[in-house]
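Engineer: I have a structure I would like to understand better, so I am pasting it below and will then ask my questions one at a time.
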Amino acid sequence: MTRTPVNVTVTGAAGQIGYALLFRIASGHLLGPDVPVRLRLLEIPQAVKAAEGTAMELDDCAFPLLSGIDITDDAKTAFDGVNVALLVGARPRSKGMERGDLLEANGGIFKPQGEAINAGAADDVRVLVVGNPANTNALIAQQHAPDVPAERFTAMTRLDHNRALSQLAKKLGVAVTDIRKLTIWGNHSATQYPDLFHAEVGGRIAAEAVNDQSWLENDFIPTVAKRGAAIIEARGASSAASAANAAIDHVHTWVNGTDEGDWTSAAVVSDGSYGVPEGLISSFPVTAKDGRYEIVQGLEIDEFSRARIDASVAELVEERDAVRGLGLI
Ligand code: NAD
Ligand code: LMR
């Protein structure tokens, strides 16, 4: 039986993450080896030509699952009938730009994209925001899509999650697959909190298995939280292949579920759990089942973790208040 293709829209398709992402979507890594996809690439007018070049290369791969590619600079066209929206394109911070300027410039992108999703997306649409500041960009888009269930808007902290898995696996000399229940809390920024007090390695709490508070505080947490900046310093450009990989992981897990006895991290709309103000898009421990992400409930949060979660959530509240002040939400 031939399946109807799933419409996947990628914004910023001509950028570095776009280049690393599109080929993996088209080859079946996003949704599975038996799910055909139709790609919609959204770019700004100056970058449409480059997106066309990427589309030529996609054609040249003759991917059996790729049923078509549309390229546009119009958000309404890009999101018409969309099932999976990957919002990657964003305005980077340039020299002399204040935080408020950055939020305002991105508001100019994510507000109309939220409106276009509201106007034309398929009923089952799932949105992942990658473009920074990802959590607040997701909030802006979500606020302008009142007809779409809020839970369908998410932001990416899976890259931070994967970074934390790798750092911990190296420290303990175990495989990443030996680690379960790791959590990134809060914002996709340097204030994020990678939590080893609920993570498990071989049935033991990871923080106990590490048994090195100084490593945890002075090495692990800052290494994970500042990894994005370290990559920019080393590569001269922000992470691209690892970010694309994490976007694939985020959507794949959302659609296919988490393993029994495990969870992952995603920034989802808060229901007030763990003292995170309702409506903020903040990273939590989440399970996925039946195509829905759900916040893991009932974890005990000690003082050490509480202070760090609160600091990151305070930053998200500041960002929300700033975009509210700018009239963006
Ligand atoms: P890039 O500059 O290479 O590409 C961005 C692309 O977006 C460009 O081609 C640009 O033309 C396009 N674009 C800009 N405005 C647009 C709009 N209104 N509509 C459609 N396209 C638009 O950047 P990149 O390296 O691909 O990174 C993209 C974003 O992802 C950045 O904001 C980056 O900071 C962020 N990022 C997030 C994570 C995460 O973990 N959440 C990780 C890495 C990078
Ligand atoms: C990352 O975590 O690699 C990026 O969010 C860094 C950035 O500022 O683009």
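Engineer: Pop the C-beta distance of D271 and E303 into the FRET formula with R0 = 22 Å and round what comes out to the nearest 0.05. Walk me through the numbers on the way to the answer.
Structural biologist: Details: r = 24 Å, r/R0 = 1.08.
The calculated FRET efficiency here is 0.40.
Engineer: Please list, or write none, the lysines whose alpha carbon is within less than 29 Å of the alpha carbon of K226, excluding same-chain residues fewer than 8 places away.
Structural biologist: Answer for K226, where 29 Å is the Cα cut-off: K95, K111, K170, K171, K181, listed by chain and number.
Engineer: Report the gain in length on full extension from A230 to A150: 0.36 nm times residue separation, minus Cα-Cα distance, nm rounded to one decimal. Could you put the intermediate results ahead of the total?
Structural biologist: Numbers: separation 80, 0.36 × 80 = 28.80 nm, distance 3.32 nm.
Stretched out fully, the A230 to A150 stretch lengthens by 25.5 nm.
Engineer: Something else: Is the shape of the stretch 6-155 rounded, prolate or oblate, going by the alpha carbon gyration tensor and its root eigenvalues a ≥ b ≥ c, with a/c under 1.5 for rounded and a/b larger than b/c for prolate?
Structural biologist: Values: a/c = 1.97, a/b = 1.33, b/c = 1.48.
Oblate shape, in that a/c is at least 1.5 and b/c is the bigger or equal ratio.
Engineer: Now for a different question. Taking a spot 7 Å from the Cα of A237 along the direction of its beta carbon, which residues of the stretch 12-28 have an amide N less than 13 Å from it?
Structural biologist: 14-21
Engineer: Also, I was wondering about something else. Would you mind working out the magnitude of the charge dipole of the stretch 157-322 relative to its Cα centre, with +1 at each Lys and Arg C-beta and -1 at each Asp and Glu C-beta, to the nearest 20 Debye?
Structural biologist: The dipole magnitude comes to about 580 debye.
Engineer: Among P285, P112, P194, which one shows the highest mean-square fluctuation when the chain is modelled as a Gaussian network with alpha-carbon springs under 10 Å?
Structural biologist: Looking only at P285, P112, P194, the largest GNM fluctuation is found for P112.
Engineer: GNM, the chain, Cα, under 10 Å: largest mean-square fluctuation among A230, A55, A90?
Structural biologist: A230
Engineer: I'd like to know how the stretch 157-322 sits against the 2.2 N^0.38 Å rule of thumb: what's its Cα Rg over that expected value? List each step's numbers first, then the result.
Structural biologist: Values: Rg = 15.1 Å, N = 166, 2.2 N^0.38 = 15.3 Å.
Ratio of Cα Rg to 2.2 N^0.38 Å: 0.99.
Engineer: For R324 and F197 in one chain, what is 0.36 nm times their gap in residues minus the Cα-Cα distance, to one decimal in nm?
Structural biologist: Numbers: separation 127, 0.36 × 127 = 45.72 nm, distance 3.45 nm.
Between R324 and F197, full extension yields 42.3 nm more.
Engineer: By a straight-distance test (C-alpha under 18 Å), which aspartates and glutamates pair with K76 as possible cross-link partners, with residues fewer than eight away in the same chain excluded?
Structural biologist: Those aspartates and glutamates meeting the cut-off are E43, E115, D123, D124, D147.
Engineer: Evaluate the charge dipole of the chain about its Cα centre and quote only its size in Debye, nearest 20, assuming +1 on the Cβ of each Lys and Arg and -1 on the Cβ of each Asp and Glu.
Structural biologist: Taking the Cα centre of the chain as origin, the dipole is about 580 debye.
Engineer: With charges only on Cβ, +1 for K and R and -1 for D and E, what is the dipole size of the stretch 6-155 about its Cα centre, in debye, rounded to 20? List each step's numbers first, then the result.
Structural biologist: On the way: 12 positive and 18 negative charges, 90 e Å.
It comes to approximately 440 debye.
Engineer: Go ahead and run the numbers for FRET between W215 and D259, Cβ-Cβ distance against an R0 of 30 Å, rounding to 0.05. Intermediate results must be reported in sequence, preceding the final value.
Structural biologist: Details: r = 27 Å, r/R0 = 0.92.
Step by step, r from the Cβ atoms, then E = 0.65.
Engineer: Say each of M97 and C61 gets a label point 7 Å from the Cα, pointing the same way as Cα to Cβ; how far apart are those two points in nm?
Structural biologist: Modelled inter-label distance: 2.8 nm.
Engineer: So what is the relative contact order of the chain, in percent, for Cα pairs below 8 Å that sit 6 or more residues apart?
Structural biologist: Values: 644 pairs, mean separation 55.8, N = 329.
After rounding, I find 17 percent.
Engineer: Here is a follow-up. In deg cm²/dmol and to the nearest 500, what is the mean residue ellipticity at 222 nm of the chain if only DSSP H runs of at least 4 residues count, each as -39500 (n - 2.57), divided by the residue total? If you can, show how the numbers build up before the last one.
Structural biologist: Details: 11 runs with 135 residues, N = 329.
When only DSSP H runs of four or more count, the value is -13000 deg cm²/dmol.
Engineer: Can you give the relative contact order of the stretch 117-249 as a percent, counting alpha carbon pairs under 8 Å and 6+ residues apart? Before the final figure, lay out the partial values.
Structural biologist: Values: 159 pairs, mean separation 27.8, N = 133.
That works out to 21 percent.
Engineer: Toward the positive end of the charge dipole of the chain, about the Cα centre and with charges on Cβ (Lys, Arg +1; Asp, Glu -1), which of S265, V323, P36 goes farthest?
Structural biologist: Comparing the listed Cα positions along the dipole, P36 ranks first.
Engineer: Right, next: May I ask which residue of F153, Y19, L102 lies farthest towards the positive end of the charge dipole of the stretch 6-155, with charges of +1 (Lys, Arg) and -1 (Asp, Glu) on Cβ and the Cα centre as origin?
Structural biologist: Value: L102.
Each value in this text was obtained by applying a stated rule to the coordinates, not by laboratory testing. Being a predicted model, the structure only gives us computed values, none of them experimental. Because the Cβ atoms are built from the backbone with ideal geometry, glycine has one as well, and the counts that use them run over all protein chains shown.
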